[in-house]
1. HN-Hα J couplings of the stretch 66-77 from phi, Karplus 6.51/-1.76/1.60, θ = phi - 60°, integer Hz, Gly and Pro as x?
2. Under the 0.36 nm per residue contour assumption, what length would be gained going from the current alpha-carbon distance of HIS76 and GLU22 to full extension?
3. Starting from 0.36 nm per residue, how many nanometres of slack lie between HIS45 and LYS57 once their C-alpha separation is accounted for?
4. Loop-only GluC sites (Glu not before Pro) in the stretch 6-67, please: DSSP not H, G, I, E or B, and at most 15 other Cβ atoms within 10 Å.
Amino acid sequence: MSKKPEGQTKFEQFIREFGAAELARRLGVDHSAICHWLRGSTSPHPANALKIQMLAKRRGISLSLDEIYQHFREVHSKLYTTSSLKPQPARV
C-alpha cells in the first residue's frame with residue numbers, strides 16, 4: 001500500500017486503492033454499502049470485515065479489524081463532536 005494520504009484511515013485507503021465497485025462485487029454487497037462505510041453512516045458487518053481483511057492480506061496488506069472499525073469511529077468523532085450536540089435555540 002502506498003503512503004497514507006493525510007487524514008485518510010488505512011481502511012479508506014485500502015478501499016480507494018482496491019476500488020469500491022470491485023470490493024462491492026467481491027463481497028456481494030451493493031456499491032452504496034461501500035459508500036455508507038466511507039461516509040461513516042454504517043460499518044461493515046463482521047463477516048464482511050473478515051472478508052475485507054482476507055482481500056487485503058492477499059494483496060500483502062495488513063489490515064486489522066480494529067483498523068477497519070477505527071474508520072467508523074474516526075468519522076463519527078468528526079461528525080458528532082460535543083459542540084455539535086449543544087441544544088439549538090427553538091425556532092419561532
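1. 4, 5, 5, 7, 4, 4, 4, 5, 5, 4, 5, 5
2. On the way: separation 54, 0.36 × 54 = 19.44 nm, distance 2.55 nm.
Residue separation times 0.36 nm, minus the Cα-Cα distance, leaves 16.9 nm.
3. So the chain would gain 2.5 nm between HIS45 and LYS57.
4. GLU6
Every read-out reported here was derived from the displayed coordinates using simple, explicitly stated rules and does not represent laboratory data. Everything quoted here is computed from the prediction, not taken from an experiment. Cβ: placed from backbone, ideal geometry, glycine included. Neighbour counts: every protein chain shown.
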